[in-house]
Amino acid sequence: TSDDDDRLSVGQKNVSVSYQKMFHNLNQSKGVFLSEKGDIYIDNGAHFGRVEKWTMNATTPTIVMTVNGSCHSLFLGPDDLLYCSLSDLHQVVARALGLPGTSATLVAGTWSTGDGMDQLNFPHGIFV
């Protein structure tokens, strides 16, 4: 990834001639997740309020989730639920990718930090 020119480069490790793809217009992207199918989910929430899905041969992304900030971590569970940790909002949201729409649902946390059972404190990593 490159913060200087808002892009992500993808290639194969240990291959003499590697495939490379550039993803542009990524403003302050935080979270990236590579699925087993090879799809790439990228946070573009800081300025555009969305998570994008890139397939290997795509020239434009598909918007898969709308969010209220940057997803510091992304995770795609085996049930095709895409999770996003909105660290600055002390929340984790999710969206079922098999359903229509792009709205996320709050699955953990509140709007404030804390140590209560329903509160999070700047969540970053996600694993389900």
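Distance between the modelled labels on L99 and T60, one decimal in nanometres: 2.7 nm (7 Å Cα→Cβ projection).
Length gained on full extension, N68 to L34, computed as 0.36 nm times the residue gap minus the Cα-Cα distance: 10.0 nm. Taking all Cα pairs closer than 8 Å and separated by 6 or more residues, the relative contact order of segment 38-128 comes to 22 percent.
Taking all protein chains into account, the per residue accessible area for segment 85-128 stands at 62 Å² (1.4 Å probe).
Each of D115, D39, D80 has its accessible area taken with a 1.4 Å probe; listed largest first, they run D115, D80, D39.
The values are calculated or read from the model by the stated rules, or taken from the named source; none is laboratory data. As the structure is a prediction and not an experimental result, all values here were calculated from the model. Glycine also receives a Cβ, built like all others from the backbone with ideal geometry; neighbour counts cover every protein chain displayed. Calculation scope for accessible area: heavy atoms of the full protein, side chains included, ligands and nucleic acids excluded. Shrake-Rupley method; radii C 1.70, N 1.55, O 1.52, S 1.80 Å.
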